[in-house]
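The values are calculated or read from the model by the stated rules, or taken from the named source; none is laboratory data. Bear in mind that the values here come from a model prediction, so they are computed numbers and not experimental data. Note: ideal-geometry Cβ built from the backbone for every residue, glycine included; neighbour counts use all protein chains shown.
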Amino acid sequence: MTKHVAVLMGGLSNERPVSLSSGKGCAEALRRAGYRVTEVDVGYDIAERLRALQPDVAFNALHGRFGEDGTIQGVLEFLRIPYTHSGVLASALALDKHQAKIMLKAAGIPVTDHVIAGRAEVGRAHVMKPPYVVKPIADGSSFGVLIVKADQSHPPQEILGADWDGGETLMVERYIPGRELTCAVMGGVALPVTEIVTDLAFYNYEAKYSAGGSHHVLPAQISPKIYDKVQKMSLMAHEALGCRGITRTDFRYNDAAGEDGELVCLEINTQPGMTPTSLAPEQALHAGHSFEDLVSWMVEDASCNR
């Protein structure tokens, strides 16, 4: 019997457009793979809608708050609907950048020094010697990320603006110069490493999701030692947080710092993008898994109690 898959997309976070793009692409691929698919734009009535649909599997294509912070995972556990990606605890830990860093550091993975502070404090004066990076504590897709350069006398004043939507608690972390590396883990196996190259100020939302916003070098042209280290640490991060399904871990590599350079883990993503420009599907393809194979594997891997 053909499985009925509800692809959860859209949602209520800042990353809604990304999620819609991911969800539609995944739904189309699942249909090509032979599944019966219902696309579900997630709102506050999601529990009632899922009860009515009674899918065999929920494919979680949501991003950001409510979608990758353990919330929708808890709903699916309560409804006993098998779902893709990581479970409640791993999802909640990974999206909270502060808690994730505590877990990663405890696992022996190098992370950047950081400070947690309120928006007013971060906007008034430097809470860390520049250069540094300001991030919302629980957002993805580089929403609200600002780089403060060494010669800036004051923090970016948009932090204090009335239209700021990056939350009231922010993470300020040491800026690491160098190269952007990333590696997905699929079912406990590290995929090939990608270097992300962009002409923009950094790998921001535009670079991630606009055609031509960034260039992916796959496999990354780095030393075998660093390549292996990125794969090893990506798997360590996946396991340290208790993740399931597919994740993607991002790094900065300063190859000018000492003999082997400085490799630092930035974060782990439990809901990596599945858009046409996304990294995890590209890495899976390089490893021999078509997009249809990837999403089919995710459906067959789905479960409760993740």
Report summary line: For region 273-289, the count of residues that are closer than 16 Å to Ile196 by Cα, part of a loop (DSSP other than H, G, I, E, B) and of a type outside the set (Ser, Thr, Tyr) equals 2
Report summary line: Output for Cβ contacts, cut-off 6 Å, separation at least six or different chains, first residue aromatic (Phe, Trp, Tyr) in region 112-137, second in a loop (DSSP other than H, G, I, E, B), reads Tyr132/Tyr175
Query - Criterion: in contact with a Ser or Thr (Cβ under 6 Å, 6 or more places away or on another chain) and either modelled with pLDDT of 95 or more or assigned to a loop (DSSP other than H, G, I, E, B) (or both) - qualifying residue of Leu62, Leu12, Leu30, Leu8 - result: Leu62
Query raised in the report: Hey, any hits in region 208-217 for a residue that's modelled with pLDDT of 80 or more, assigned to a strand (DSSP E or B) and within 16 Å of the chain's Cα centre (by Cα)?
Result: no
Report task. Select from region 33-49 the residues that are outside any helix (DSSP H, G or I) and among the acidic types (Asp, Glu) and write down the one among them that is nearest to Met9 (Cα to Cα). Result -> Asp41
Query raised in the report: Pick from Gly23, Gly67, Gly74, Gly11: which is surrounded by fewer than 23 Cβ atoms within 10 Å (Cβ to Cβ) and outside the structural domain of Ile268 (by TED's automatic domain parsing)?
Result: Gly74
**Report entry** Residue satisfying all of: in region 275-296; closer than 22 Å to Met9 by Cβ and small (Gly, Ala, Ser); modelled with the lowest pLDDT among these
**Finding:** Ser278
Query raised in the report: Within region 159-166, can one find any residue that is closer than 28 Å to Val18 by Cα and buried (at least 20 other Cβ atoms within 10 Å of the Cβ)?
Result: yes
**Report entry** Which listed residue, of Ser91, Ser86, is under 22 Å from Ile137 (Cβ atoms), part of a helix (DSSP H, G or I) and within 15 Å of the chain's Cα centre (by Cα)
**Finding:** Ser91
